[in-house]
Ligand SMILES: Cc1cc2nc3c(=O)[nH]c(=O)nc-3n(C[C@H](O)[C@H](O)[C@H](O)COP(=O)(O)OP(=O)(O)OC[C@H]3O[C@@H](n4cnc5c(N)ncnc54)[C@H](O)[C@@H]3O)c2cc1C
């Protein structure tokens, strides 16, 4: 079955709707040449472009982006930037590897923060830390595994009971929680737009220019878009799960959609109780809800998954409302300003799809839901690798994306596994 070459979304991204109008970079028209083409203007693609430009300032670097920056996948996320490993990656029994990953995340986060400060990107970046919380026994088990990891790695954290959590985030829904200071929150669309608008002079970005095909042309690559073509010696696929349509290994990567909704600004009394500060909560159980507040006193919720296709956003809206109302019954009926879906690149074992797939054709994809920091690190590394510079051993640090059966077995597996998990962890969703 042929893959979709780029995502399209049912509804606009809430975060992007609040940004000032900006002039999109021109569509790619006609034929041109470049030294390197980077497909995808996300965290991975921009990190690759910056690393390339730093190493080879004289090179012509082109970035092709299918959508308008801010409206595409990188602007659609929840804005958690972890300085330590994700809960799903955290394995206390592999402490040495985890410590290296934590150090890399911290370094990458520090570079991103420096960039934001130097470039004056107004993206509400704040080191707010993050809560993880659980209501049921299955969630509590996941939480205590995460606590084991934090303890083993010597990382700071606080355990909280239900009423302590309630004092901080205004809900009595959860029975147990952990607070870790090692996380920033950001307005993601503002961050990605700020990064796009501060690219160096040698980097040319084309928005609304999806790469539809990549074909060899002698020793070079010909990249087609609906209205143009670039010929380049090297190509980097930084377009996450959609890289499969352009040559990345379909047997190791899937597109998973997940969904977010943001309320209107809360009424002053609710705001005082729930959203007086910027805080974020990640689920202890992987099928649980992410929650956070925004700088202007709204609540955001992220939950639900679908395999390869965006689910009907109207149905998702009802589900997200029910989850938020269960946590904040005083807000009933919840009123959302925006509901939207976005994609993540999922691999079975959580390891990225990373490396050279054909001579001078590279991929860095599959951040499994934590790609702001991880994508930035891996994007920088893939550019250095393509340039022949020394790079850390990515496979031994992050693992190698493992094989998955093709559809329909894969689709069935996803639905069965998520249905069984969802039933078991009903109170966490
Ligand atoms: C609702 C939601 C919440 C999330 N929350 C978080 C979070 O809090 N923290 C976190 O770290 N991660 C989160 N994620 C995941 C995170 O957004 C991704 O891991 C991250 O964006 C991956 O970065 P990337 O640059 O590798 O890929 P992407 O962000 O997917 O960027 C790829 C870019 O390539 C473009 N593209 C695709 N195909 C083509 C093509 N053929 N031609 C040209 N351009 C193309 C896309 O439009 C996109 O702009 C969330 C995701 C979603 C959907």
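Conditions first: (1) part of a loop (DSSP other than H, G, I, E, B); (2) closer than 30 Å to residue 293 by Cα; (3) without any contact (Cβ under 8 Å) to a residue 12 or more places away in the chain. Residue 325 passes all but one, so which condition is the exception?
Of the numbered conditions (1) part of a loop (DSSP other than H, G, I, E, B); (2) closer than 30 Å to residue 293 by Cα; (3) without any contact (Cβ under 8 Å) to a residue 12 or more places away in the chain, the odd one out for residue 325 is (1).
Pairs, please: C-beta under 6 Å, at least 6 apart or cross-chain, first residue within 17 Å of residue 133 (Cα to Cα) and within 16 Å of the ligand (Cβ to nearest atom) and in region 267-281, second at pLDDT 90 or above and assigned to a helix (DSSP H, G or I)?
279/169
Here are 302, 286: which of them is crowded, with 23+ Cβ neighbours inside 10 Å and under 24 Å from residue 416 (Cα atoms)?
302
With the requirement that a residue be surrounded by 11 or more Cβ atoms within 10 Å (Cβ to Cβ) and without any contact (Cβ under 8 Å) to a residue 60 or more places away in the chain, what does region 406-416 give you?
Passing the criteria: 412, 413.
Evaluate region 19-28: report whether one residue or more is within 25 Å of residue 292 (Cα to Cα), in contact (Cβ under 8 Å) with a residue 60 or more places away in the chain, away from the ligand (no atom under 14 Å from the Cβ) and touching a helix residue (DSSP H, G or I) at 6+ places or on another chain (Cβ under 8 Å).
Within region 19-28 (the criterion being within 25 Å of residue 292 (Cα to Cα), in contact (Cβ under 8 Å) with a residue 60 or more places away in the chain, away from the ligand (no atom under 14 Å from the Cβ) and touching a helix residue (DSSP H, G or I) at 6+ places or on another chain (Cβ under 8 Å)), the answer is yes, since at least one residue qualifies.
Tally the residues that are under 15 Å from the mean Cα position of the chain (by Cα) and either within 16 Å of residue 35 (Cβ to Cβ) or at pLDDT below 95 (or both), restricting the search to region 186-213.
Total satisfying the criteria: 0.
With the checklist (1) under 23 Å from residue 263 (Cβ atoms); (2) assigned to a loop (DSSP other than H, G, I, E, B); (3) in contact (Cβ under 8 Å) with a residue 60 or more places away in the chain; (4) touching a helix residue (DSSP H, G or I) at 6+ places or on another chain (Cβ under 8 Å) in hand, flag the one item residue 340 doesn't pass.
Unmet for residue 340, out of (1) under 23 Å from residue 263 (Cβ atoms); (2) assigned to a loop (DSSP other than H, G, I, E, B); (3) in contact (Cβ under 8 Å) with a residue 60 or more places away in the chain; (4) touching a helix residue (DSSP H, G or I) at 6+ places or on another chain (Cβ under 8 Å): (2).
Could you look through region 348-372, keep only residues that are part of a loop (DSSP other than H, G, I, E, B) and surrounded by 24 or more Cβ atoms within 10 Å (Cβ to Cβ), and pick out the one that is nearest to the ligand (Cβ to nearest atom)?
367
Please state which of the following conditions residue 209 fails to meet, knowing it meets all the rest: (1) surrounded by fewer than 24 Cβ atoms within 10 Å (Cβ to Cβ); (2) within 12 Å of the ligand (Cβ to nearest atom); (3) part of a loop (DSSP other than H, G, I, E, B).
Against the list (1) surrounded by fewer than 24 Cβ atoms within 10 Å (Cβ to Cβ); (2) within 12 Å of the ligand (Cβ to nearest atom); (3) part of a loop (DSSP other than H, G, I, E, B), residue 209 comes up short only on (1).
The values are calculated or read from the model by the stated rules, or taken from the named source; none is laboratory data. All values reported here derive from a predicted model rather than from experimental measurement. Positions of Cβ are generated from backbone atoms using ideal geometry, with glycine treated the same way; all protein chains shown enter the neighbour counts.
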